[in-house]
Amino acid sequence: MACPRIKKPWDRIPESEVTPESVYINRREFAKKLGLTGVSLAPFFMGRSQGAETARSPFVAPGTLGSSCTGPYGHVAEFWVKKWAELFPAVRNTRFQVKRTLTDERIFAGYNNFYEFTVTKQRVKDLVEGFEVNPWEVKISGEVKKKGTYDVDDLIRMGKLEERLYHFRCVEAWSANVPWSGYPLSQLIDKLNPSSQAKYVRFVTVYRPNQMPGQKRQRQYPWPYYEALTMEEAMNELALLTFGVYGHPLNKQNGAPVRMVLPWKFGFKNIKSIVKIEFLKRRPSTFWSDASHEYGFWANINPKFDHPRWSQATETFLNTGERIPTRLYNGYGEYVAHLYDENERQFFY
Ligand code: MTE
């Protein structure tokens with residue numbers, strides 16, 4: 001399959017606006033490599049057209065887009081920027097370090113999987129403009145004492161916000177180094193007081209076909225998006241309930257106002273724009289395991305087990321386009337290896 005060379009947003013950024021991280025990036029080289037590796041990066045979209053990028057640059061002056069302000073990096077709801085001004089940037093927890101440089105935000109915020117909008121990664125940042133992320137509530141239900149509907153502003157204050165640099169790895173074999181702001185999900189779970197019957201935690205994304213064109217157009221998918229973890233996984237200290245990225249509240253395209261980040265699992269477990277958290281006795285199915293036999297419940301990163309259609313031994317690092325080796329559990333074995341048997345394929349797909 002030939003991949004057209006799509007002009008990337010970072011091709012248009014004047015040198016004067018380039019952040020220090022960008023000194024590590026040879027953009028032309030990166031774009032070339034991304035273009036060349038497009039076939040291997042496109043497995044989610046086999047047989048679908050890439051679509052054309054809109055002519056308008058997403059990078060406009062703050063305040064010109066109604067309820068969204070755009071920093072140079074896409075759509076961040078001005079409402080949360082103001083409301084959470086004292087919470088951001090969160091103090092970095094230096095225990096979590098990454099190999100290599102951080103991925104430039106212009107790259108990470110312009111290359112998204114958010115199927116509710118489109119399957120074309122470069123277009124998500126444009127289509128999220130009308131997505132309303134305030135007010136926002138999250139319903140907590142199931143085998144838990146403190147059931148109820150929580151305002152996301154209360155939710156963010158139920159744990160101690162911190163920044164963590166995590167290596168993020170998509171099942172499509174691309175990766176990035178990202179500074180997320182959030183707190184361990186375990187801090188929330190401890191406060192909600194689940195019963196001993198609660199063995200799984202299920203998350204659900206908002207269903208708003210009028211704001212999310214992909215929910216209308218891609219009727220083959222079982223909307224809204226849903227994911228789940230075992231209770232042990234949810235309580236693991238790596239599991240981050242995430243409200244921010246790159247030192248500010250989440251961009252809409254990255255899952256505002258609240259998402260999960262689970263660095264030892266493939267990106268598709270990292271559910272965005274959560275409106276429901278349920279505590280369950282039995283293991284629920286997940287969006288991708290219902291949509292396709294190629295994606296399972298566990299989705300732990302393991303270079304030994306290939307996806308049915310491509311290798312998982314290496315990955316393309318989004319900042320530079322380098323092909324780098326994939327690490328077991330994405331390099332987070334010291335935190336999670338005790339939860340699994342690394343030789344059991346069933347634990348990966
Ligand atoms: N969450 C929702 N609600 N919808 C999605 O389509 N895509 C997943 C995950 N969470 C997805 C989602 C996939 S496949 C990936 S790789 C990551 O989000 C991408 O996150 P990012 O766009 O912040 O890089």
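Observations on the structure shown:
- Taking all protein chains together and rolling a 1.4 Å probe, Arg95 ends up with roughly 140 Å² accessible.
- Region 250-317 - accessible surface per residue (Å², probe 1.4 Å): 28 Å²
- Accessible area per residue was computed with a 1.4 Å probe on protein heavy atoms; Tyr246 scores about 40 Å².
- Residue-normalised accessible area of region 94-163, given per residue in Å² at a 1.4 Å probe: 39 Å²
- Sequence-distant lysines (8 or more away, or on other chains) whose Cα lies within less than 20 Å of Lys99: Lys265
- Those chymotrypsin sites (Phe, Trp or Tyr not before Pro) in region 153-229 that DSSP places in a loop and that have at most 15 other beta carbons within 10 Å: Tyr207
- Gain in span if fully extended, Glu342 to Ala85, counting 0.36 nm per residue against the direct Cα distance: 88.3 nm
- Cross-linked pairs Lys199/Lys272; Lys272/Lys304; Lys121/Lys160; Lys199/Lys252: Cα-Cα separations exceed 25 Å for Lys272/Lys304; Lys121/Lys160; Lys199/Lys252.
- The modelled label-to-label distance between Gln187 and Asn210, using points 7 Å beyond Cα along the C-beta direction, is 3.6 nm.
- Only protein atoms count toward the accessible area here, which uses a 1.4 Å probe; on region 231-310, the carbon and sulfur part of that area reaches 49 percent.
The values are calculated or read from the model by the stated rules, or taken from the named source; none is laboratory data. Note that this is a predicted model, so its numbers are computed, not measured. Here Cβ is always computed from backbone atoms with ideal geometry, including for glycine, and neighbour counts include all displayed protein chains. The protein model used for the area step is the full one, side chains on, heavy atoms only, and it has no ligands, DNA or RNA in it. Shrake-Rupley method; radii C 1.70, N 1.55, O 1.52, S 1.80 Å.
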